[in-house]
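The values are calculated or read from the model by the stated rules, or taken from the named source; none is laboratory data. All values derive from a computational prediction rather than experimental measurement. Here the Cβ positions follow ideal geometry from the backbone for every residue, glycine too, while neighbour counts run over all protein chains shown. The area values use the complete protein model at the heavy-atom level, side chains included, leaving out ligands, DNA and RNA. Shrake-Rupley method; radii C 1.70, N 1.55, O 1.52, S 1.80 Å.
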Amino acid sequence: MKRTLLTIFFAAIVSALPIGAVNIVPQPSSVTEYDGTVKVPSRIRVYGSGEELNALAATWAQTLEKGYKPGEYDTPAGLKRIVSSATLPKVKVLKRSRRAFALLAVEPSMAEEEYTLSITPKNGVVITGGSVKGVWWGLQTLTQLLLQGRTMQEMTIQDKPHFAYRGAMLDCCRHFYSVEEVKGWIDMIAFHKLNTFHWHLTEDQGWRIEIKKYPLLTEIGSVRKKTIEGYYKTSTTWDENPYGGYYTQEEVKDIVAYAAARQITVIPEIEMPGHAVAALASYPWLGCTGGPYEVRQIWGISKETFCLGKESTYEFLQDVLDEVCELFPSEYIHIGGDEAPRDSWMACPICQAKMKEEGLANEAELQSYQLKRIEAYLNAKGRKVIGWDEILEGGVTESATIMSWRGPKGGIAAAKQGNDVVMTPNSYFYLDYYQTKGRAENGEPLAIGGYVPLSKCYAFDPYDQLTEEEQAHIKGVQANTWCEYIKTMDHVQHMELPRFAALSEVCWSEERDSYENFVARVEKSLVPLYEYKGYVYANYAFNGIE
Ligand code: ACM
Ligand code: ZN
């Protein structure tokens with residue numbers, strides 16, 4: 001990774017600290033400890049200079065409320081709830097700074113997400129951020145320190161993220177999570193200093209976002225009649241209950257605002273031209289054959305895609321994106337692009353006529369034509385597109401950002417040709433993959449396959465094979481949780497924790513620690529938080545099981 005002399009110096013100070021002194025994940029840029037100590041009262045008074053910072057303090061206090069209410073979620077077999085003994089002080093937000101234990105301030109000369117956190121016997125805790133965002137990440141560090149005991153060491157932490165894009169994707173299509181569950185999950189990503197929620201909202205197996213112009217997308221497209229049980233390639237049994245759910249536009253706005261208050265941007269994903277069967281079931285004219293189609297009941301890839309020959313398909317996609325852009329203020333809109341078989345376009349006279357008319361040599365170029373039209377449409381609305389690495393195949397514009405999922409190679413190729421990249425390689429950050437080699441013997445619940453232990457996540461080098469100039473195209477790293485086999489939020493937690501800790505450090509920290517030190521820090525900093533919140537985190541790595 002690229003380093004500056006200063007960060008090498010800071011890293012030397014930090015790594016020289018014995019484990020047990022200061023435990024924070026992700027590893028901050030620098031920690032300097034002094035001799036004094038500060039007693040933490042059982043109720044801490046926080047003052048933010050200005051309304052925005054006081055609102056931030058109140059939001060922080062909300063995230064510190066104990067998370068788990070017994071009976072809230074189904075706990076999948078084999079996953080035990082952890083009932084914690086860890087406690088946190090109550091937080092009171094003050095209107096004046098007098099007698100504050102923690103002071104929050106913005107110093108605009110600092111970088112936007114940068115913060116300093118100082119703890120002194122004289123002034124208590126002072127967090128200064130380059131913006132509200134920086135202060136927010138400083139508060140996440142404070143949460144970890146508060147959970148480690150009621151006496152804090154005098155210290156100064158200086159910290160800022162390495163990557164501007166630090167993401168997590170949640171698939172709410174294969175299985176659906178309620179608004180409250182999604183909000184709880186947003187808190188969870190904030191605790192890891194992640195700043196982007198990539199929300200997978202449309203799929204073969206369910207369309208999950210209300211679109212007012214096309215009500216059948218949710219009336220028909222949000223419900224599948226039945227669902228395959230067990231491993232889909234070998235299973236012959238079905239859950240015969242209809243399964244569905246969707247987010248109304250009001251709920252979407254509520255979630256976007258909830259995330260924004262936690263300094264998290266929500267990027268919606270509207271899949272095209274594949275993973276579209278729920279849309280085709282709702283409006284069969286969107287497909288090449290005209291159907292009939294049914295919302296897909298098994299996992300895997302469908303050959304049915306949007307017809308890219310008909311103008312009506314483009315009108316539909318643009319109408320949907322109009323409503324999506326109204327709901328999501330994000331710079332990026334994710335337009336999918338992955339796993340779109342070309343069979344239906346090959347057999348479709350309208351697609352073939354479109355290819356002739358536009359001088360397109362093959363179906364890959366037809367997909368690229370669709371991408372470029374949609375990109376131009378979104379660019380005209382002031383948005384940028386991001387898509388899965390398949391979009392490289394038929395050619396992309398310079399301005400499209402590539403999400404590299406089939407390993408890092410698509411991202412490496414994209415960065416070398418000058419496109420921006422978010423690295424989400426399945427080989428390191430697909431959190432629907434198994435976490436141990438032993439799988440069943442270790443009590444892992446059924447998963448889609450793969451093998452990504454915590455150590456693998458932690459070993460990811462986002463800059464592998466890239467020159468310094470090419471490295472500048474790597475905007476960040478993201479983990480993806482696909483939910484074919486993940487029916488409950490407990491199970492989501494089990495797949496993501498503690499692998500989110502590795503993601504967090506890969507995204508944030510300038511320097512990588514030894515894996516052993518990292519695990520020890522996670523145990524002391526994040527695990528108490530997981531227990532306090534009642535998250536069902538995976539224990540394998542803490543027991544040396546890979
Ligand atoms: C993907 O996993 N199909 C992006
Ligand atoms: Zn067609």
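Among what's in region 234-291 and is in a loop (DSSP other than H, G, I, E, B) and within 16 Å of ligand 2 (Cβ to nearest atom), pick the residue that is most open to solvent (accessible area, probe 1.4 Å).
Per the stated criteria, the residue is 289.
Out of curiosity, is residue 402 under 30 Å from residue 248 (Cβ atoms), within 16 Å of ligand 1 (Cβ to nearest atom) and not in a helix (DSSP H, G or I)?
For residue 402, the condition - under 30 Å from residue 248 (Cβ atoms), within 16 Å of ligand 1 (Cβ to nearest atom) and not in a helix (DSSP H, G or I) - is not met.
For the list (1) within 19 Å of residue 344 (Cα to Cα); (2) in contact (Cβ under 8 Å) with a residue 60 or more places away in the chain, I need the number of the one condition that residue 287 fails.
Failing condition for residue 287: (2).
Taking the stated definitions as given, is residue 310 out of contact with any strand residue (DSSP E or B) (no Cβ under 6 Å at 6 or more places or on another chain) and under 28 Å from residue 379 (Cβ atoms)?
So residue 310 passes the test.
I need the full set of residues from region 393-444 which are of a type in the set (S, T, N, Q), under 18 Å from the mean Cα position of the chain (by Cα) and under 22 Å from residue 331 (Cβ atoms), in order please.
Selection gives 401, 404, 424.
Residue check, residue 340 against (1) open to solvent by less than 30 Å² (accessible area, probe 1.4 Å); (2) assigned to a loop (DSSP other than H, G, I, E, B); (3) away from ligand 2 (no atom under 16 Å from the Cβ), all met but one. Which one?
Tallying (1) open to solvent by less than 30 Å² (accessible area, probe 1.4 Å); (2) assigned to a loop (DSSP other than H, G, I, E, B); (3) away from ligand 2 (no atom under 16 Å from the Cβ), residue 340 fails exactly one: (3).
From the residues in region 297-312 that are in a loop (DSSP other than H, G, I, E, B) and open to solvent by 60 Å² or more (accessible area, probe 1.4 Å), which one is farthest from ligand 2 (Cβ to nearest atom)?
In this case the residue turns out to be 301.
Residues of region 343-375 being within 10 Å of ligand 2 (Cβ to nearest atom) and either in contact with a Pro (Cβ under 8 Å, 6 or more places away or on another chain) or of a type in the set (Val, Ile, Thr) (or both), which ones?
Within region 343-375, just 350 meets the criteria.
Among the residues of region 515-528, is there at least one that is among the hydrophobic types (A, V, I, L, M, F, W, C) and under 24 Å from residue 269 (Cα atoms)?
No, that holds for no residue.
Could you list, in sequence order, the residues of region 189-219 that are crowded, with 19+ Cβ neighbours inside 10 Å and assigned to a loop (DSSP other than H, G, I, E, B)?
192, 193, 194, 195, 201, 204, 205, 208, 210, 211, 214
In region 426-464, what residues are closer than 21 Å to residue 511 by Cβ and either surrounded by 14 or more Cβ atoms within 10 Å (Cβ to Cβ) or charged (D, E, K, R) (or both)?
428, 429, 454, 455, 456, 457, 458, 460, 461, 462, 463, 464
For residue 436, are the conditions met, namely being more than 14 Å from ligand 1 (Cβ to nearest atom), within 19 Å of residue 270 (Cβ to Cβ) and either assigned to a loop (DSSP other than H, G, I, E, B) or in contact with a Pro (Cβ under 9 Å, 6 or more places away or on another chain) (or both)?
Here the answer is no, as residue 436 does not meet what is asked.
Looking only at region 472-483, how many residues end up being open to solvent by 20 Å² or more (accessible area, probe 1.4 Å), part of a loop (DSSP other than H, G, I, E, B) and touching a strand residue (DSSP E or B) at 6+ places or on another chain (Cβ under 9 Å)?
2
Condition test on residue 520, is it more than 17 Å from the chain's Cα centre (by Cα) and modelled with pLDDT of 95 or more?
Taking the combined requirement at face value, the residue satisfies it.
Does residue 197 count as more than 20 Å from residue 72 (Cα to Cα), touching a residue at least 24 places away in the same chain (Cβ under 8 Å) and either out of contact with any Gly (no Cβ under 6 Å at 6 or more places or on another chain) or not hydroxyl-bearing (Ser, Thr, Tyr) (or both)?
Taking the combined requirement at face value, the residue satisfies it.
Hey, could you check region 399-420 for residues that are of a type outside the set (S, T, N, Q) and over 13 Å from residue 465 (Cβ atoms) and say which is surrounded by the fewest Cβ atoms within 10 Å (Cβ to Cβ)?
Applying the filter and picking the extreme gives 418.
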